[in-house]
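See below for the structure under consideration.
The values are calculated or read from the model by the stated rules, or taken from the named source; none is laboratory data. Note that the structure is a prediction, hence the values are computed from the model and not measured. So basically every Cβ, Gly included, is an ideal-geometry build from the backbone, and we count neighbours across all protein chains shown.
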Amino acid sequence: MKMLQNILNQRNLSALFQPVMDIYGGTIIGYEGLIRGPANSPLHSPINLFSAARHQGLTVEIEMLCRQIVLESFATQNLPGQLFLNVSPEALTDSSFKNGQTLTYLENLGLDPKRVIIEITENEPTYDFDAMRNALFHYRNMGFQIAIDDLGEGFSSLRLWSELRPEFVKIDMHFVQGVNTDPLKQQFLRSIQGIALSSGTQVIAEGIETAAEFKFIRDIGISCGQGYFIARPAPIPPLNPPAEVGCLIKTHQPSEEPYSNARSINVETILRYIEPVQPETEIDKILSAFSANKILRSVPVVKNGRPIGLINRYEFVDNFAQPYRRELLGKKPCSEIMNSMPLLVEKSTPIHELSGFLSESEIQHFTDGFIITEKGRYIGVGNGQDLLREITKAQIETARYANPLTLLPGNVPINEHIEYLLKSEKPFTVCYADLDSFKPFNDVCGYRKGDELIQLTARLLGAICDPVSDFIGHIGGDDFILVMQSPDWEKRCNRALSEFAHIFAGMCDKTHRANGGFLSADRQGHIVHHPLPTLSIGATSVASNLFRSHHEVAASATAAKKIAKKKPGNSLFIERRHLQPHEAAQIRTEKNTAKQQRNSKVTTEQYSSISAEEQQKNLQVQYG
């Protein structure tokens, strides 16, 4: 008691900070504030410190002091980004946390509440959800954001996620460490990432300790990471990730394989219904089932509609080939020999996701097969052979429409992918990328240089796409389509424009670069000066029920691209207005386009000389 009281009186605590990293951007977005007790004392460890505080009824007092120490150190060091501030539910609902002390303290330190993220930590069960929800809403109204710590480890973290809708969730390190070799952990992380995408929450993977773990986290699309591999907690933390981590960011490239329409085919396609058995079914009956049906590969074990196990034919037969096994086991329940941890796959899972998972998992899941569920209830089984057959069919079909120069999917798979997203009512953004001055460049420099420029553009655009969320297609010539679900799609497009300018400068002829372009004959045979090729991107966001078909989406993206090309240099135009479906359809018809131009109050010649504000108004007249 005396030692704790001395800590409180002397404020004898120290703050450490551990970086939280944006995995795709390669930057540190903020720091988690951690605490240590007096050095060379039993209470130096935070576990011992808070255990003693709970035992002596001083939890809130110690937390208040921890909060002050962390905030003071964060402000003194002028650390960039956001601060993740650990708060227990008990302290959160205490009156001293609600009376404005935190806000006043931040004001005195010159910290904006918007930079502080309240990180809920659970050391004990949370019973009063209403009180905690009200407290968090109170803080959110003041500008704070919310994070849930140790998802998967706490007593009620999933319910907290559902009820509080936090901006961040942190996955407990148990599910992160060794994830690159553990299929069950992989499935858990993929599920969490799927929930996060649908709820608008950012996931932070805690406890990343190896490059292999980092790569897996990166490749499944989790946005943020934290752990010893990135940086250890320190009184004065680093402002940038170490070089080893930076290399993994820079070397990350999406697959260059042609797009497969397996993205739009679900696991339900390969479902086969096998009559399940109850866990108490005698093993003799399982043997009879396998004997009667020579092609039966596995038997699912189901209880109350929920799958609990799988019995593989070959393992079962090998087991019973041993002497006296039937006599010993025949009357026992089949639950004693089943695989109690089979792979469960929801029927809506795209087969390309399942294929990727199986390729990284143990061979057992491929050979044994897997159970297919609908909302957790058994509906059938699938196997690796059927999965491979379906994927091969999809790849052959896609290869028919791949562009031979870039091997990217062409018009048919582009349209199919857009239709798939429209039907699933998922929001996405279509970006139409086009090279400016490409024809004169091709005429002057030759088709080989032209092909190189197109391939370079394809690689560049592919590199800015998230291989999990985004799609790139090649319409033909120098036209590309990006169908993006990444929340930071605009940032990615701007990065493409910047990198194009830098990379093209390296492949451009010195004379042309010095002259800012090249001379070439126009369509009338006149020699004119053409500027160097640049990249223009027109983007249109697609929300639920805004467009009825890929035709309308393409029309809107084309209109946005045309506007982007009117801007000089490498440019991005974003169609932020919401076109109605019938308006999008009108845009794609020449007749209505001509009518809109006639009704417009400005001519093409006037358009180039009026102000940007006036241009925007006139575009609204033209395009709704």
Helices (runs of 4 or more DSSP H) enclosed by the range 302-362 - at least 3 residues per element that are under 30 Å from Glu390 (Cα atoms) and either aromatic (Phe, Trp, Tyr) or touching a strand residue (DSSP E or B) at 6+ places or on another chain (Cβ under 8 Å) (or both): 313-320, 351-360
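Could you tell me whether the range 64-80 includes any residue that is in a strand (DSSP E or B), under 26 Å from Ile148 (Cβ atoms) and modelled with pLDDT of 85 or more? Don't jump to the end; show me each part of the working.
Taking the range 64-80 and keeping what is in a strand (DSSP E or B), we get none.
Within the range 64-80 (the criterion being in a strand (DSSP E or B), under 26 Å from Ile148 (Cβ atoms) and modelled with pLDDT of 85 or more), the answer is no, since none of the residues qualifies.
Looking only at the range 558-566, decide whether some residue is under 20 Å from Asn442 (Cβ atoms), of a type outside the set (D, E, K, R) and not in a strand (DSSP E or B).
Step one: list which residues in the range 558-566 are under 20 Å from Asn442 (Cβ atoms), which gives 561, 565.
This time we only want the ones that are of a type outside the set (D, E, K, R), so: none.
Within the range 558-566, none of the residues are under 20 Å from Asn442 (Cβ atoms), of a type outside the set (D, E, K, R) and not in a strand (DSSP E or B).
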Evaluation of Leu435 against (1) within 26 Å of the chain's Cα centre (by Cα); (2) outside any helix (DSSP H, G or I); (3) of a type outside the set (Phe, Trp, Tyr) (one fails), failing number: (1)
Of the criteria (1) at positive phi; (2) modelled with pLDDT under 85, which one Leu248 fails: (1)
Subset tally (residues that are assigned to a helix (DSSP H, G or I) and out of contact with any Phe, Trp or Tyr (no Cβ under 9 Å at 6 or more places or on another chain)) for the range 169-180: 2
Failed item in (1) touching a strand residue (DSSP E or B) at 6+ places or on another chain (Cβ under 6 Å); (2) farther than 17 Å from Lys114 by Cα, with Phe74 passing the rest: (2)
Residues satisfying the stated conditions in the range 517-548, i.e. at pLDDT below 90 and either assigned to a loop (DSSP other than H, G, I, E, B) or not assigned by TED's automatic domain parsing to the domain that holds Pro440 (or both): Asp522, Arg523, Gln524, Gly525, His526, Leu532, Ala543, Ser544, Asn545, Leu546, Phe547, Arg548
Qualifying positions in the range 410-421 - surrounded by 21 or more Cβ atoms within 10 Å (Cβ to Cβ) and more than 22 Å from the chain's Cα centre (by Cα): Gly410, Pro413
Residue satisfying condition, being of a type in the set (Asp, Glu), over 37 Å from the mean Cα position of the chain (by Cα) and surrounded by 13 or more Cβ atoms within 10 Å (Cβ to Cβ), within set Glu119, Glu61: Glu61
In the range 454-493, residue farthest from the chain's Cα centre (by Cα) [restricted to those that are closer than 25 Å to Glu167 by Cα and in a helix (DSSP H, G or I)]: Cys493
Positions within the range 223-237 being surrounded by 14 or more Cβ atoms within 10 Å (Cβ to Cβ) and more than 21 Å from the chain's Cα centre (by Cα), in sequence order: Ala231, Pro233, Pro237
Condition check for Gly37: under 30 Å from Leu248 (Cα atoms), in contact with a helix residue (DSSP H, G or I) (Cβ under 7 Å, 6 or more places away or on another chain) and not assigned by TED's automatic domain parsing to the domain that holds Arg492: no
Meets criteria (modelled with pLDDT under 85 and surrounded by fewer than 18 Cβ atoms within 10 Å (Cβ to Cβ)) for Ile396: yes
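Looking at Gly569, is it at positive phi and out of contact with any helix residue (DSSP H, G or I) (no Cβ under 9 Å at 6 or more places or on another chain)? Don't jump to the end; show me each part of the working.
Numbers: at positive phi: yes; out of contact with any helix residue (DSSP H, G or I) (no Cβ under 9 Å at 6 or more places or on another chain): no.
No; evaluated as a whole, the condition is false for this residue.
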Selection count where residues are crowded, with 16+ Cβ neighbours inside 10 Å, without any contact (Cβ under 8 Å) to a residue 40 or more places away in the chain and farther than 26 Å from Pro404 by Cβ, scope the range 488-511: 1
